[in-house]
1. DSSP beta bridges in the chain, what fraction antiparallel, as a percent rounded to 5?
2. In a Debye calculation with equal point scatterers on the alpha-carbon sites of the chain and no solvent, what is log10 I(q)/I(0) at q = 0.09, 0.11, 0.16 Å⁻¹?
3. Cα atoms only: what Rg and Dmax, in Å, come out for the range 190-309?
4. Would you mind calculating the relative contact order of the chain from Cα pairs under 8 angstrom and at least 6 residues apart, reporting the percent as a whole number?
5. Where is the GNM fluctuation largest for the chain (alpha-carbon springs, 10 angstrom cutoff): P65, P189, P37?
6. Which order do W207, W251, W79 take by accessible area at a 1.4 Å probe, largest first?
7. Run lengths n ≥ 4 of DSSP H only: what is the helix-derived mean residue ellipticity at 222 nm for the chain, with -39500 (n - 2.57) per run over all residues, to the nearest 500?
8. Which of P21, F142, Q90 sits closest to the plus end of the dipole of the chain, meaning its Cα is farthest towards the positive end, when Lys and Arg get +1 and Asp and Glu get -1 on the C-beta?
Amino acid sequence: MMTSRSTSRHTLSADQRLTKPQRICWLAFNMLNNALPRYNLDRKIRERKFQLSEQRLDELWNSIPQGASPSRRLSELFWLSLPWSAILRQVGRINALEIGCGSGAYGRLLERVLGTGLERYLGVDIEAHDQWTANVDRRLSFKVGRAGDAHRYLQGINLILTQSALEHFEEDLLYFSQVSDFVKANKHPILQIHLIPTASCITTFPWHGIREYTPRTISRITGLFCPETLVYLFSLGGSRCNRTHRKYITWPHLWNGSDLRRSRMDDYRTSVRSAILSDFQGRAASSAFYALVLNSNCESDPFAQGLGA
């Protein structure tokens, strides 16, 4: 049943081992939840397409792990293409919070792209990760915690980020209601960047997390924030990226529990690059991933001129 604490109609999580009947229910509930994707939309949302020139794509290409899935590679390209200088001018030195941080890779990415512009980063996850103790930068810290306790970690934060995490939050609206309360109680600029799966991910990586997102369900999130909050929804990739993911990863994995990236790495890398470039240049029928940006208490808009070059 859909509740005010979640954008989902169910609490079945593929993070746990699902029985065959549960897997069928997971698919059915998510197909239902993804229906009417453009119904009752939040008017604050400005939809944009993320794209890069071929030259810029090539400049960034080798900085991303070669075996990354199309959606992960698109996400990395997005993070690396953000207008960080303009963001620093707006919010000042970055105090970042990432809930669902996993290994803390995006804390290290912020450390790399921001340099001295990063004041501190706090990564929170439901269990500790081995790589937390490998950290040598004192600006990066980690805690074990849950999304439902987000209010405990927000003090002094001006950048809130997640990467492929919201779909694992059982009560994603509860998380955002706490963030919204924090934003309303503070006057300083607060930027949020969340990268999340689209409805097409139900076929590119099925039985992942709890849910996917559509503009309609995203509107339930953004509707929690005041009308003055600037909201952008960037579309990352499209149908070519989805087909490439299914060909090399999804279908082989469903067939024999593996994928083709190791055995056909060169072919895979070429296919992913071609798919990303084609989706950048064309009109994609569906998005491979979303990037949701919320800019609150702002005096400027770092995203007004778009992204990419």
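The values are calculated or read from the model by the stated rules, or taken from the named source; none is laboratory data. Everything quoted here is computed from the prediction, not taken from an experiment. Neighbour counts are summed over all protein chains in view; Cβ atoms, including those assigned to glycine, are modelled from backbone coordinates with ideal geometry. Surface accessibility is based on the protein's heavy atoms, side chains included, excluding ligands, DNA and RNA. Shrake-Rupley method; radii C 1.70, N 1.55, O 1.52, S 1.80 Å.
1. Details: 15 of 40 bridges.
If I count the DSSP bridges inside the chain, around 40 percent turn out antiparallel.
2. -0.44, -0.67, -1.56
3. 16.8, 53
4. On the way: 535 pairs, mean separation 86.3, N = 309.
It rounds to 28 percent for the chain.
5. Residue with maximal mean-square fluctuation among P65, P189, P37: P65.
6. Sorted by accessible area, descending: W251, W207, W79.
7. Result for the chain, helices only: -10000 deg cm²/dmol.
8. P21
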